[in-house]
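These notes concern the structure reproduced below.
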Amino acid sequence: MPFDRLLSVVALTPAQASLVAVRLLDAGSGVGAVTFTLSGDVVVDPPGVDGTTCVAELLEQLLQNARRLPSHPTQAQVVLLRRLEDAVRAPQLEPAARARELEAALADTLGPSATQRLAGEVAALVEAFVRITPSAPEPDERSASPSRPVSAAAGRPPGRSKALIHSRTRGRRVAVLVLVAAAVLAGSGYALGGGPVPGIVGSFGGDDRVPTAPDTTAPDHPSTGPDKQQPPDRAEVVASLAGRRAGAITGVVLEKTGSCSPGGLCPVTVTVHMQAASTTRPITWRVGAARLCRSGIAWSAPTTVTALAGWTTVYASSAVRIPPGHSLALVALTSAPARAQSRPVPVTGSLHC
């Protein structure tokens, strides 16, 4: 399973991502193809005629994927995410030294058998994905059969029957993969009982058909007129860099999912509502921390979730580091496919200056 393909649909835990990072760091600064095997191993090919991929870029992708934490991350997940950040962004250390530090962090946090257990979890995710994706061409054969003129006779637009089959088949595959991934994450400390698994469901788009997705209806009614304006004393507590909706983006919602304090990590979930599209597209956003009624916003690294055709919602959870200070607020700002900004959310207290 290619590295980028798996990461586009599955959110790895910080522990699983750390295991993969160890393999990449041991490979050197430049590699060829990177794939996951059914046994959970990471195969790193040497640079070849097809080109060289910078390991630093792969590590950055891995870090962004691992930032999709559950709503209530455990202390171990937060610690390992921090260690992964240190390993990815510590160029002053040799790759081998960073790999050994990550291995030590895994052993200290999860025990000496962590490597074998994590490899098994990755193997389960790869196997689930491999079992589901090979069946993709089957609907094409059935829907392309020339002996079915009934669809056109019934007045349906050309290709509608094929689209319905694709939609239903994709829904079944997503449901199966979410269940398998959820079972894997249950052993990794991800909270499953009280709500969705944002890292996984968010990766699949948080489709309206998924019953555990966050509320997806409110932002999808442009006929209700423009968003209600905040009271005058709150209107510009944080600089407005974009409107509440723009282009295909119909709404951006930022929520704190745990306790937050200046100088620490703050677990948040960002939900992006959008108009359905006929093609796959990336949805990208950043979370910023700002001092109320002051200029300047400190931004996190961008998060990108791939939305498939027909999706109207994507979301992901992450832990954002809050800068020191007081009177702080958080905002989310999308950059693709359009620029739209969420309402500000206070880190503590209210939004008054």
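Exactly one residue out of 34, 10 is in contact with a strand residue (DSSP E or B) (Cβ under 6 Å, 6 or more places away or on another chain), crowded, with 19+ Cβ neighbours inside 10 Å and at pLDDT 75 or above: that is 34. Inspection of region 248-260 identifies at least one residue that is surrounded by fewer than 15 Cβ atoms within 10 Å (Cβ to Cβ), touching a Cys at 6+ places or on another chain (Cβ under 9 Å) and modelled with pLDDT under 90. Filtered by the rule that a residue be charged (D, E, K, R) and either touching a strand residue (DSSP E or B) at 6+ places or on another chain (Cβ under 6 Å) or at pLDDT below 85 (or both), region 39-83 gives 41, 45, 50, 57, 67, 68. Residues in region 265-280 that are modelled with pLDDT of 90 or more and within 30 Å of residue 77 (Cα to Cα): 270, 271, 272, 273. Within region 71-109, the set of residues being basic (Lys, Arg) and assigned to a helix (DSSP H, G or I) comprises 82, 83, 98, 100.
When residue 348 is tested against the conditions (1) at pLDDT below 85; (2) part of a strand (DSSP E or B), the lone failure is (2). Name every residue in region 299-317 that is under 19 Å from residue 255 (Cβ atoms) and without any contact (Cβ under 8 Å) to a residue 40 or more places away in the chain, in order of residue number. Residues satisfying the conditions are 299, 300. Tell me whether region 335-342 contains one or more residues that are more than 25 Å from residue 8 (Cβ to Cβ) and outside the structural domain of residue 64 (by TED's automatic domain parsing). The answer is yes, given that some residue of region 335-342 is more than 25 Å from residue 8 (Cβ to Cβ) and outside the structural domain of residue 64 (by TED's automatic domain parsing).
The values are calculated or read from the model by the stated rules, or taken from the named source; none is laboratory data. Just so it is clear, the structure is predicted and the values come from calculations on it, not from any experiment. As a convention, Cβ positions derive from the backbone with ideal geometry for all residues, glycine included, and neighbour counts pool all protein chains shown.
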